[in-house]
Amino acid sequence: MKVSELAKGAGVTAETVRHYVREGLLHPERHPDNGYQLFAKSDLERLRFIQRARTLGFGVAEIRDILDHADHGDSPCPMVRDLLASRLPQIHARIAELQALAERMEQALETWAGMPDGTPDGHSLCRLIESFPEPLRGDAKRRADEHAPKEEP
């Protein structure tokens, strides 16, 4: 199968396939006459595996490690579990940060609803943003902590 055929079979672009080849995730053969990259059905299965791993948040380097383990006959499953377990608290913290940001944005829109537009006058750039209170140091972290999932005892 050529690059375009593999890409179509997996529902990705040919450039995505080429990227994964450059990153060492896919290993095509070379056609002896024209040098085209040729892929086997196993490459399609591998590409689909890569896509599933990406949807779980794994990066290219992590996927490379997972595939390397599997290619050498070692189960990557313990590493996969550990990676997800260590990443999940970071994801929850990021969600809390985004939730706090959404709340600040909603508060700003509510506050600004009745305010007139201003024109920059050398002292003011945008009255809307300037009217919003400056955050206190550690305020963002405190808000993120308020939204973080509670650990059970």
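The values are calculated or read from the model by the stated rules, or taken from the named source; none is laboratory data. Everything numeric here is computed off the predicted structure, so don't read it as measured data. We place every Cβ from the backbone using ideal geometry, glycine too, and count neighbours over all the protein chains shown. Accessible surface areas use protein heavy atoms only, side chains included; no ligands, DNA or RNA. Shrake-Rupley method; radii C 1.70, N 1.55, O 1.52, S 1.80 Å.
Yes or no: THR55 at pLDDT 95 or above, surrounded by fewer than 16 Cβ atoms within 10 Å (Cβ to Cβ) and hydroxyl-bearing (Ser, Thr, Tyr)? Yes; evaluated as a whole, the condition is true for this residue.
Restricting to region 39-73, give me the number of residues that are part of a loop (DSSP other than H, G, I, E, B) and over 17 Å from the mean Cα position of the chain (by Cα). Total satisfying the criteria: 4. Of everything in region 6-34 that is more than 23 Å from ASP71 (Cβ to Cβ) and of a type in the set (D, E, K, R), the residue that is most open to solvent (accessible area, probe 1.4 Å) is LYS8. I need the full set of residues from region 67-100 which are more than 30 Å from PRO135 (Cβ to Cβ) and in contact (Cβ under 8 Å) with a residue 40 or more places away in the chain, in order please. Within region 67-100, LEU67 is the sole residue that qualifies. Looking at this structure, is LEU128 at pLDDT below 90, exposed (fewer than 13 other Cβ atoms within 10 Å of the Cβ) and over 30 Å from GLY57 (Cα atoms)? No; evaluated as a whole, the condition is false for this residue.
Do we have PRO28 as in contact with a strand residue (DSSP E or B) (Cβ under 7 Å, 6 or more places away or on another chain) and farther than 30 Å from ILE129 by Cα here?
Working: in contact with a strand residue (DSSP E or B) (Cβ under 7 Å, 6 or more places away or on another chain): yes; farther than 30 Å from ILE129 by Cα: yes.
Against the criterion (in contact with a strand residue (DSSP E or B) (Cβ under 7 Å, 6 or more places away or on another chain) and farther than 30 Å from ILE129 by Cα), PRO28 qualifies.
ASP121 meets all of the listed conditions (1) at pLDDT below 90; (2) acidic (Asp, Glu); (3) in a helix (DSSP H, G or I) but one, namely (3).
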